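The values are calculated or read from the model by the stated rules, or taken from the named source; none is laboratory data. Fair warning: this is a prediction, and the values are worked out from it, not measured in the lab. Counting neighbours? That spans all protein chains shown, and the Cβs are built from the backbone with ideal geometry, glycine included. We work out accessible area using only protein heavy atoms, side chains counted, and drop any ligands, DNA or RNA first. Shrake-Rupley method; radii C 1.70, N 1.55, O 1.52, S 1.80 Å.
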Amino acid sequence: MAKDGDNSWKEYVWNPRTREFLGRTASSWGLILLFYLVFYIFLAGMFTLTMYVMLQTLDDHKPTWQDRLSTPGMVIRPKADETYEIVYNIQKTESWDLYAQALDNFLSPYNNTIQAEKNNECKPDQYFEQADSGEVKNNPKRSCQFNRTILEDCSGVNDRYYGYQDGRPCIIIKLNRVIGMLPGKDGQAPFVTCGAKREDSEKIGELLYFPPNGTFNLMYYPYYGKKAQVNYSQPLVAVKFLNITTNEDVNIECRINANNIPIGSERDKFAGRVSFKLRINTI
């Protein structure tokens, strides 16, 4: 019985009488392989054609589809790791020097010499729109200068420690980039306001904004994208805390104000605002 089973198995693999391999003749195997070869060549051709047609619809300088962001996010600098906490001791240089170094690194592309070399002096208080001419793309698009000296006391030019050494620290704020966004209408520029959370309202003290009133000038908009506007410098707003309460946590929120940007909702805590903790220890 075992011998008959072995013969049956061997004949299935190769039957010398019918010259079949695994139950099929050479011509049958040839037709199957030819079918799958043609089938997969057809699929590869369809995939290649589909990708080619899709790529023809894309623009290297501008996304074809873009989410409608009604309220951009905000971020602060300096930022320690992934936290939004700035905590240091005036008496311990190493605790605040890292913040000053972080601001130096962040602001170095805004040096006046670099900005004068790469970007244009633009007319303030109006959008710097650079339209294409029909099928002729106006790329690369020019960008407006944002010189770090605009930030005055928070520029790091006259005070290389940004006020951290004497308990009057500077925070830099920027809006996230949104292609094509025009943040303001009727000539009203968006501006930043900062304040303490309700429980800390008596601790925040006096604030100074740079540029004056904490404005993002309209000339830095619209933004056309990283490839189309390679030298774009995001506008910044600096906030200097003049007499914040020391040795206590102060929870602060800064937000963008504009007549065509809706205020963010509680469901999206990063829409148009940023919250952080500031604590300055003196002992």
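Mind grabbing the accessible area of Trp29 for me, 1.4 Å probe, Å², rounded to tens?
Its accessible surface works out to 80 Å², give or take rounding.
As a quick test, which of the pairs Lys79/Lys141; Lys137/Lys227; Lys203/Lys277; Lys185/Lys226; Lys118/Lys227; Lys203/Lys240 have an alpha carbon distance above 20 angstrom in this structure? List each step's numbers first, then the result.
Numbers: Lys79/Lys141 31 Å; Lys137/Lys227 12 Å; Lys203/Lys277 12 Å; Lys185/Lys226 24 Å; Lys118/Lys227 15 Å; Lys203/Lys240 14 Å.
Correct reply: Lys79/Lys141; Lys185/Lys226.
Can you tell me the 0 to 90 degree angle between the C-alpha axis of helix 93-107 and the longest principal axis of the chain, rounded to 10?
Value to nearest ten degrees: 70.
Loop only by DSSP, 16 or fewer other Cβ within 10 Å of the Cβ. Give me the trypsin sites (Lys or Arg not before Pro) in region 129-169 that pass, ordered by residue number. Don't jump to the answer; show the numbers that get you there.
Working: sites: Lys137, Lys141, Arg142, Arg148, Arg160; in loops: Lys137, Lys141, Arg142, Arg160.
Those that pass, being in a loop and sparsely packed, are Lys137, Arg142, Arg160.
For the chain, with every protein chain kept in place, what is the accessible area per residue (1.4 Å probe, Å²)?
62
Return the carbon/sulfur percentage of the accessible area of the chain, one whole number, probe 1.4 Å, all protein chains in place. Intermediate values should be presented prior to the final figure.
On the way: 9490 of 17480 Å².
Whole-percent figure for carbon plus sulfur exposure: 54.
Amide H of Met74 versus every other amide H placed in the peptide plane: which residues, excluding those fewer than 5 positions away on the same chain, fall under 5 Å?
So Met74 has HN proximity to Asn176, Gly272, Arg273.
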